[in-house]
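Some notes on the structure that comes next.
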Amino acid sequence: MNGTSIYSNVHGVEEFYIVFNTGDEGTERDEGNASTKAKPKQGRSNIPAFATTVQKTKRWVSELMVELQWQDAQKAYHALRVVLHALRDRLTLHEMADVSAQLPTLIRGMFFEGWQPSHAPVKDRSQQAFFEHVLHEFPNDSSIDPERLTRAVLSILSRHVSQGEIADIKAILPKPLRELMPKE
């Protein structure tokens with residue numbers, strides 16, 4: 001499927017297409033030089049799964065920006081990543097797999113980015129250790145309230161993941177961390 005597709009998302013309308021070389025769209029030759037090898041034409045092809053995951057990720061980031069009353073989407077994306085990593089590192093392997101299966105593809109990739117199975121789950125599962133992890137990832141930003149940030153991300157997670165999965169997460173977390181999860 002070649003061409004450009006238009007998708008509406010939380011930020012309005014967005015043009016989304018992928019440019020890649022496939023070799024099957026024909027070839028181009030440099031007409032001025034007969035000895036030039038033929039090279040594949042660049043094709044533009046839409047991949048709806050990519051557009052969908054980008055749209056869903058933007059929705060999560062936008063919700064976090066609203067929840068925290070932030071204007072900086074990059075900071076909100078970073079905050080989402082930081083809190084999800086801190087949560088991930090406190091879950092069992094089985095629970096990580098279950099949670100990740102319900103995440104949008106792009107967020108799922110971010111969820112596993114930098115993961116080291118030999119370090120999971122972390123031993124210190126206190127609120128203080130969780131908040132220290134969050135603050136460590138914002139070294140030059142004294143405005144970060146790690147508890148407020150954590151609660152906001154967990155609230156968004158609970159809106160987009162099944163309640164059964166949220167219940168499973170709560171069952172695994174120690175009481176101090178479970179208290180950070182939104183009330184039903």
Self-check item: Qualifying position, being in a helix (DSSP H, G or I), in the same structural domain as residue 160 (by TED's automatic domain parsing) and β-branched (Val, Ile, Thr), among 82, 122
Solution: 82
Quiz item: From the residues in the range 130-144 that are of a type outside the set (A, V, I, L, M, F, W, C) and assigned to a helix (DSSP H, G or I), which one is surrounded by the most Cβ atoms within 10 Å (Cβ to Cβ)?
Solution: 133
Quiz item: Can you spot a residue in the range 56-66 that is surrounded by fewer than 18 Cβ atoms within 10 Å (Cβ to Cβ), free of Cβ contacts under 8 Å to residues at least 40 places away in the same chain, touching a helix residue (DSSP H, G or I) at 6+ places or on another chain (Cβ under 9 Å) and at negative phi?
Solution: no
Exercise. Might you check whether a residue that is surrounded by 19 or more Cβ atoms within 10 Å (Cβ to Cβ), touching a residue at least 12 places away in the same chain (Cβ under 8 Å) and over 13 Å from the mean Cα position of the chain (by Cα) occurs anywhere in the range 103-123?
Key: no
Quiz item: Just checking, how many residues over the range 124-151 are of a type in the set (Ser, Thr, Tyr) and touching a residue at least 40 places away in the same chain (Cβ under 8 Å)?
Solution: 2
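The values are calculated or read from the model by the stated rules, or taken from the named source; none is laboratory data. In this text the structure is predicted, and so the values were computed from the model without any measurement. Because the Cβ atoms are built from the backbone with ideal geometry, glycine has one as well, and the counts that use them run over all protein chains shown.
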